[in-house]
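Questions regarding the structure given below will be posed in turn.
The values are calculated or read from the model by the stated rules, or taken from the named source; none is laboratory data. Remember, predicted model here, so these are calculated numbers, not experimental data. In this analysis, Cβ positions are derived from the backbone assuming ideal geometry, glycine residues included, and neighbour counts consider all displayed protein chains.
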There are 2 protein chains.
Amino acid sequence: MTTPPRLSWRDVRDRIHDQILTGQYGPGDRLPRDADIAEDLNCARSTVQRAMQDLSDSGLVERRRKGGTRVRPDPVTRATLDIPITRREVEQRGGRYGYHLIRRSEADAPRAVLSAFELDTPRPMVRVEALHLSDSRPYILEDRWICPRTSPEIRDLDFTEQSANEWLVHNKPYTRLDLRFYAISAGEEIAGLLETPVGAALMVIERTTWIDGAPITTVKAITRPGYQIQTGS
Amino acid sequence: MTTPPRLSWRDVRDRIHDQILTGQYGPGDRLPRDADIAEDLNCARSTVQRAMQDLSDSGLVERRRKGGTRVRPDPVTRATLDIPITRREVEQRGGRYGYHLIRRSEADAPRAVLSAFELDTPRPMVRVEALHLSDSRPYILEDRWICPRTSPEIRDLDFTEQSANEWLVHNKPYTRLDLRFYAISAGEEIAGLLETPVGAALMVIERTTWIDGAPITTVKAITRPGYQIQTGS
DNA sequence: AACGGTAATATGTAGGTACATATTTTGTCA
DNA sequence: TGACAAAATATGTACCTACATATTACCGTT
């Protein structure tokens, strides 16, 4: 008697995945219940559940209690991005990291910042403008607003030695993150700070974080020309 | 006797998460074994396992068999991106979608394309240049190379009606995806096609896919001015 | 038909056991 | 001391059971 090798949840996942992509189940179609698939494949329902969870996470299917599992009608390519601390990023690329605080100020947050936080009422915030350097050359220019109501500690920090980026990542967990990328053309001020020609195309990374609904920080990181964001590796 | 409400894996996760961020466990520190945590919290090991998996997925800790669980020394902010089919994207934004094939050609893949695929030896590929429109105005310009050795079917497709984007997403599953974003300045040709001033800052999305190591397609999607990529909704 | 409450049902989660697997640690021998 | 094999160990996976929860589906009433 040869014992058939047990099915792993990856096997189950791949099997379903194949069935979807060979057209056996099309967009919007409902798949059998986990229990039935489990019986079909002769494995435990928990194994099917694990497989389905993974397919759901990767955006291929949608699952709803009692509603069952259906193939997502609009396929998406889903990818995971890792954005390291800027210091780590520079060092990992073999550069010598440098940091320079440009200005630290307090003011009522402008409309754009409030809108990033999805706030209606104006409130005072701390603004930190700083430059990250790689081998003494400008790497990323960051324009950050921090909400002191959520992070009172920043009143005692001047961010001349340690970047707000680093301090926040190490000390301020968040429950919600909003990321966006877009391109801008370097204006005069930015071009001057990044030592780049006026009109250069620059990637901007905007990041906003909240903890349980309370705004922590929003930052506009303007990268030097040629900067790339990439997945994996 | 009040029965204490059972701990969910989310509770466990949040508890560990807090402990890490209050400094109870610092970067590089090793956490107790799952079994011990389970005993401490009076829950099943499988619950702790689930919690730890999630923390591992979100980049906060690293787990290794026998090595145990340790706090990641270099914190990263990890985010998930959904990139929909361009047609869906346009329609979801309330625009009327249009598609226009510019050119379909065959040639040996240039060095840049081979490098994207991590290939050494040149091989012939199909190139598809096309324009996606929103309300009859240019939205995304895509310059795509497809490997016919991996997808022989494309020999029979002319991509005049359906975009290669759509066909591939629906018919070509991939096992590996490489994504990168960067900014470019519109040259004359691109500016003409996107109906944008020369020198405008544009976001580029490069996407390369493989199936089990075999190259499928690589595409450079040049977006119109003001285009943004963002997480979440 | 329209409404509303109830039952039916598929997925989600927790508990528990057993074994698999990947590493590290230890121990032995040259 | 070094190399290699064996033991120890923490996480990973599979199975099963029981119950929780969110919806959908159904049915009776108006």
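Kindly provide the set of residues from the range B:23-44 that are in a loop (DSSP other than H, G, I, E, B) and within 32 Å of the chain's Cα centre (by Cα), ordered by number. If you could, list the steps in order and put the result at the bottom.
We begin by selecting, within the range B:23-44, every residue in a loop (DSSP other than H, G, I, E, B); these are B:23-29, B:31-33, B:42-44.
Selection gives B:Y25, B:G26, B:P27, B:G28, B:D29, B:L31.
Could I ask something else about it? Scan the range A:34-44 and give yes if some residue there is among the acidic types (D, E), within 12 Å of another protein chain (Cβ to nearest Cβ) and either under 21 Å from B:R176 (Cα atoms) or within 12 Å of DNA strand C (Cβ to nearest atom) (or both), otherwise no.
No: zero hits.
When A:A221 is evaluated against the numbered criteria (1) within 8 Å of another protein chain (Cβ to nearest Cβ); (2) touching a residue at least 24 places away in the same chain (Cβ under 8 Å); (3) among the small types (G, A, S), which criterion, by number, is the only one it fails?
Of (1) within 8 Å of another protein chain (Cβ to nearest Cβ); (2) touching a residue at least 24 places away in the same chain (Cβ under 8 Å); (3) among the small types (G, A, S), only one is false for A:A221: (1).
From the residues in the range A:198-211 that are more than 22 Å from B:I222 (Cα to Cα) and within 11 Å of chain B (Cβ to nearest Cβ), which one is surrounded by the fewest Cβ atoms within 10 Å (Cβ to Cβ)?
A:I211
Can you go through B:R155, B:R144 and tell me which one is closer than 22 Å to A:P75 by Cα and either surrounded by fewer than 19 Cβ atoms within 10 Å (Cβ to Cβ) or not small (G, A, S) (or both)?
On inspection, the qualifying residue turns out to be B:R144.
Shifting gears a bit: Yes or no: the range A:13-22 includes at least one residue that is near DNA strand C (Cβ under 8 Å from one of its atoms) and either of a type in the set (D, E, K, R) or at pLDDT 95 or above (or both). If you could, list the steps in order and put the result at the bottom.
Just the residues of the range A:13-22 that are near DNA strand C (Cβ under 8 Å from one of its atoms), to begin with: none.
Within the range A:13-22 (the criterion being near DNA strand C (Cβ under 8 Å from one of its atoms) and either of a type in the set (D, E, K, R) or at pLDDT 95 or above (or both)), the answer is no, since none of the residues qualifies.
Every residue in the range B:45-71 that is over 21 Å from A:E166 (Cα atoms) and either away from DNA strand C (no atom under 15 Å from the Cβ) or assigned to a loop (DSSP other than H, G, I, E, B) (or both), please.
B:R65, B:K66, B:G67
Counting only residues that are out of contact with any strand residue (DSSP E or B) (no Cβ under 7 Å at 6 or more places or on another chain), give me the strands (runs of 3 or more DSSP E) lying completely in the range A:128-233 with at least 1 of them.
Output list reads A:137-146, A:201-211, A:214-223.
Among the residues that make up the range A:72-79, is at least one of them assigned to a strand (DSSP E or B), within 12 Å of chain B (Cβ to nearest Cβ) and within 14 Å of DNA strand C (Cβ to nearest atom)? Break it down stepwise before answering.
Quick first cut of the range A:72-79, residues assigned to a strand (DSSP E or B) only: A:76-79.
Add one more test, that the residue is within 12 Å of chain B (Cβ to nearest Cβ), and what stays is A:76-79.
Pick out the ones that are also within 14 Å of DNA strand C (Cβ to nearest atom) and you get none.
Scanning the range A:72-79, I find no residue that is assigned to a strand (DSSP E or B), within 12 Å of chain B (Cβ to nearest Cβ) and within 14 Å of DNA strand C (Cβ to nearest atom), so the answer is no.
Considering the range A:102-116 alone, what residues qualify as being touching an Asp or Glu at 6+ places or on another chain (Cβ under 8 Å), surrounded by 15 or more Cβ atoms within 10 Å (Cβ to Cβ) and not in a helix (DSSP H, G or I)?
Hit for the range A:102-116 is A:R104, nothing else.
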